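Working notes, structure below.
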Amino acid sequence: MKKIIIILLVLGVIGSTWLTSKAIMEIRAVFKAEDKDYVKTMKQDLLCLKMAYPEYIVGIEVKEDGKVYIVMKSGKKIIYDDKKQKSQEEKIANPDLQDMLEQIYPLTTTRKLMDKNFDPGRGRVYELMGEVYGSNEANIKKNLTNVAIGGRYCQFNKNNKAAEFLSAAIKEINELIKNNKQIAAFVYPTSGTFNFRRIAGTNRLSAHSYGIAIDLAGSKWDYWKWATAEQGQKRLSTYPKELVEVFEKNNFVWGGKWGHFDILHFEYRPEIILKAKYFGGKEKDNEKWYYGAPEEDERIKEYIKYIDDTLK
């Protein structure tokens, strides 16, 4: 939006030697409205991050240049918005926190592949991942615990309750299978949890490297690099919505809701689910930026006040 306004302004100046006072006022009004929307979204994002990582994010800091950072328990500061113009590919490869939370994950049932560049949750801020789940392979391995899945134990990260929520999801899914045995074929045998590796064709760590992702029973049509859009669509259309809903309820995003689809993949991303749940659109025209969040919760109320006080 900012880019469009600037271009229009430049074109206006080029096309004439002056702008009327009315035109200047209108442009300022648009900038002001945009700034207001930007700040509102930033506050919502910061609240979701704090709710998602309450033990790890201890503060917010605004630098002299106006850039905003979250402050981690270790003292490390992670920038919210680096203000750089990026392509969608760059937002996936090197996102800041704003990029990571920009696209809102849909909590509704989907039977159709998403648009190619719609990938909510596919971008990861590795500084944040490292602070929460471990900064290198050795540290990550120290944080792994065993979760019982399908008659065997699988390693998953215990930090930030990731393993706890996976265990809860698996127990609920096993109950679903008792009533609908067809679901079992989409779950078992699972294809893997922790695996310290790079994403194929990139230098980026997979979410599996942090022990926060699980791949369920696989199909050759599950992954966008292996399958055509038509094949992915066929696979997606048969996927049990109850299975997806259980994982989402436990703070996992589903790769089936990415344009670059990864249908067997579920990833523990509480910040993405919280933003979808509380700020998925219903609060858009409300004056309170935090409308939709559980403000009756005293802890959340404190977060809201802190964010307002810090970002005056």
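When region 141-170 is examined, which residues are found to be closer than 14 Å to residue 244 by Cα and either surrounded by fewer than 17 Cβ atoms within 10 Å (Cβ to Cβ) or at pLDDT below 95 (or both)?
Of everything in region 141-170, just one residue is closer than 14 Å to residue 244 by Cα and either surrounded by fewer than 17 Cβ atoms within 10 Å (Cβ to Cβ) or at pLDDT below 95 (or both), namely 168.
Out of region 201-217, which residues are buried (at least 17 other Cβ atoms within 10 Å of the Cβ) and either over 27 Å from residue 164 (Cα atoms) or free of Cβ contacts under 8 Å to residues at least 60 places away in the same chain (or both)?
206, 208, 213, 215, 216
Collect the residues in region 278-312 that are farther than 18 Å from residue 118 by Cα and crowded, with 17+ Cβ neighbours inside 10 Å, keeping them in residue-number order.
278, 283, 289, 290, 292, 293, 300, 303, 304, 307
Mind listing whichever residues of region 131-150 are under 21 Å from the mean Cα position of the chain (by Cα) and in contact (Cβ under 8 Å) with a residue 24 or more places away in the chain?
131, 132, 133, 134, 140 - these are the residues of region 131-150 that are under 21 Å from the mean Cα position of the chain (by Cα) and in contact (Cβ under 8 Å) with a residue 24 or more places away in the chain.
Check region 63-73 and report whether any residue there is of a type outside the set (A, V, I, L, M, F, W, C) and touching a residue at least 40 places away in the same chain (Cβ under 8 Å).
yes
The values are calculated or read from the model by the stated rules, or taken from the named source; none is laboratory data. In this text the structure is predicted, and so the values were computed from the model without any measurement. Note that each Cβ is placed from the backbone with ideal geometry, even for glycine, and that neighbours are counted across all protein chains shown.
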